[in-house]
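The values are calculated or read from the model by the stated rules, or taken from the named source; none is laboratory data. Nothing here was measured: the structure is a model prediction, and the numbers come from that model. Counting neighbours? That spans all protein chains shown, and the Cβs are built from the backbone with ideal geometry, glycine included.
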Amino acid sequence: MSSETSPRKASRRRHSAVVVAVFLAIVALVAVGAQGAGRQRLESARNNCRNAYGEVASAKDEYLKVLESDDVHSARAVSEKEVADTSTVTRLHRDVQPIEAVVDTCPLMSTETSVLVERANELKKLSDRYTSRAQQLKADVKAVNASVHDYQLNQAILVLSHEVNNAEQLLKDSDGTVAQESTRDDLKASLATAKKLLKRKKKVEARIEDATADLASKQDAVKQSQAQKHDQDKNKADADDSADENDEAQSDGSSND
């Protein structure tokens, strides 16, 4: 019995040793694999952080180009009195304020993957802020310029409306008081054109200004014709008076004879 038992025990011991050795080898391989995966994750986190930092630098450069552009400087010079919508100026002045960058570096020497991941996320948010602000500034400039145009158009419409009122009154006052009636006809035509422009839904500032200038010119022509008629009437009256005086003188002379 003892001679048969010993080989069996020895076989079991050898089997156990093999099992333990295989287990330890597996554990070692797992550990090595885990270390390798950890290093890969760390290196990947560093790369992501490095890339995020590069994106911040690029986004910041683009933002500064927009901020320092002639378009933005011109828009910033516009006052609230020069726009139809003052909120456009207020919004631009708000958006030109500097962006406070709390985090703008990447700790590449760190061995903590979580630190690198967190920093990369923060840098991504900062990059997005620069990009968003640059886009907003461009939109603000367009809004200010559009509001300036609206204000100028509104002013041009007011001026033309005033000229229309003046022209209508002049037509009434000048009836029968001009040397050339054609000047009043020209004024009527310009007045009709101006009124049509004022009724249009889509108004063009250049056309409004041209109509204003034309209406003013036609009114000047009517006034000059009035002055000419006044002079003609005065000259005629003076001539009539002289003729009457001559007649009286001749009449007095005849009486004396």
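A compact table of results
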| quantity | calculated |
| --- | --- |
| Unique residue being among the polar types (S, T, N, Q), out of contact with any Cys (no Cβ under 8 Å at 6 or more places or on another chain), within 30 Å of Lys65 (Cα to Cα) and surrounded by 15 or more Cβ atoms within 10 Å (Cβ to Cβ) when the list is Ser147, Ser110 | Ser147 |
| Test: residue in the stretch 59-66 that is buried (at least 17 other Cβ atoms within 10 Å of the Cβ), in contact (Cβ under 8 Å) with a residue 24 or more places away in the chain and among the hydroxyl-bearing types (Ser, Thr, Tyr) | yes |
| Hey, Leu187 touching a Lys or Arg at 6+ places or on another chain (Cβ under 6 Å) and at pLDDT 95 or above or not | yes |
| Pro98 vs. criteria in contact (Cβ under 8 Å) with a residue 24 or more places away in the chain and not in a helix (DSSP H, G or I) | no |
| Single unsatisfied condition, Met109 versus (1) in a helix (DSSP H, G or I); (2) more than 17 Å from Tyr63 (Cα to Cα) | (1) |
| Selection within the stretch 224-236 - surrounded by fewer than 16 Cβ atoms within 10 Å (Cβ to Cβ) and in contact with a helix residue (DSSP H, G or I) (Cβ under 8 Å, 6 or more places away or on another chain) | Gln224 |
| Count of residues meeting criterion [more than 26 Å from Gln97 (Cβ to Cβ) and surrounded by fewer than 19 Cβ atoms within 10 Å (Cβ to Cβ)] in the stretch 150-169 | 13 |
| Yes/no for Glu80 being closer than 30 Å to Val141 by Cβ, modelled with pLDDT of 95 or more and acidic (Asp, Glu) | yes |
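Rundown of residues vs (1) closer than 30 Å to His73 by Cα; (2) among the aliphatic types (A, V, I, L, M), yes/no style:
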{"site": "Leu137", "(1), (2)": "yes, yes"}
{"site": "Ser147", "(1), (2)": "yes, no"}
{"site": "Gln152", "(1), (2)": "yes, no"}
{"site": "Ile157", "(1), (2)": "yes, yes"}
{"site": "Thr183", "(1), (2)": "no, no"}
{"site": "Ala189", "(1), (2)": "no, yes"}
